[in-house]
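Here the structure is laid out as structure tokens; the discussion comes afterwards.
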Amino acid sequence: MNEPSGTLRGKAAVRAYCAKGLALPPPIKFELLAVHAGVNRLGLVYRSVGRRFGIEILTPNESRRVTHGVALHGDIDTDGFGASVSR
């Protein structure tokens, strides 16, 4: 992303970020694995480029337009995604 704060602000910044990914050589493939709905949040779990896991947490406003989003990306082997928890 090349943004030191790790935060994109405004439509222009998000548009530029997405354009970089879409400009990559095909095939770009995202596989939706699950959708989770909360009281005022929506979570999308998917596999992205290189079969890496991703989670997007989206917050819509009253008009159902997303006003805030958080993206979590990781590799199942190194970041603990999908790791089992024992008690």
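The values are calculated or read from the model by the stated rules, or taken from the named source; none is laboratory data. Bear in mind that the values here come from a model prediction, so they are computed numbers and not experimental data. Because the Cβ atoms are built from the backbone with ideal geometry, glycine has one as well, and the counts that use them run over all protein chains shown.
Would you mind stating whether Ala83 is surrounded by 10 or more Cβ atoms within 10 Å (Cβ to Cβ), at pLDDT below 90 and among the small types (Gly, Ala, Ser)?
Taking the combined requirement at face value, the residue does not satisfy it.
Answer yes or no as to whether Leu24 is of a type outside the set (D, E, K, R) and at pLDDT 80 or above.
So Leu24 does not fit the description; no.
Could you list, ordered by first residue, the pairs with Cβ atoms under 7 Å in which the first is in the stretch 1-15 and surrounded by 10 or more Cβ atoms within 10 Å (Cβ to Cβ) and modelled with pLDDT of 80 or more and the second is in a loop (DSSP other than H, G, I, E, B) and hydrophobic (A, V, I, L, M, F, W, C), at least 6 apart or interchain?
Taking only residues 6 or more apart or on different chains, the pairs are Val14/Leu8.
If you take the residues of the stretch 35-60 that are over 15 Å from Ala71 (Cα atoms) and of a type in the set (A, V, I, L, M, F, W, C), which of them is surrounded by the most Cβ atoms within 10 Å (Cβ to Cβ)?
Top of the filtered list is Ala37.
Being assigned to a loop (DSSP other than H, G, I, E, B), within 17 Å of Val14 (Cβ to Cβ) and modelled with pLDDT of 90 or more is the filter here, so list the residues in the stretch 27-64 that pass it.
Asn61
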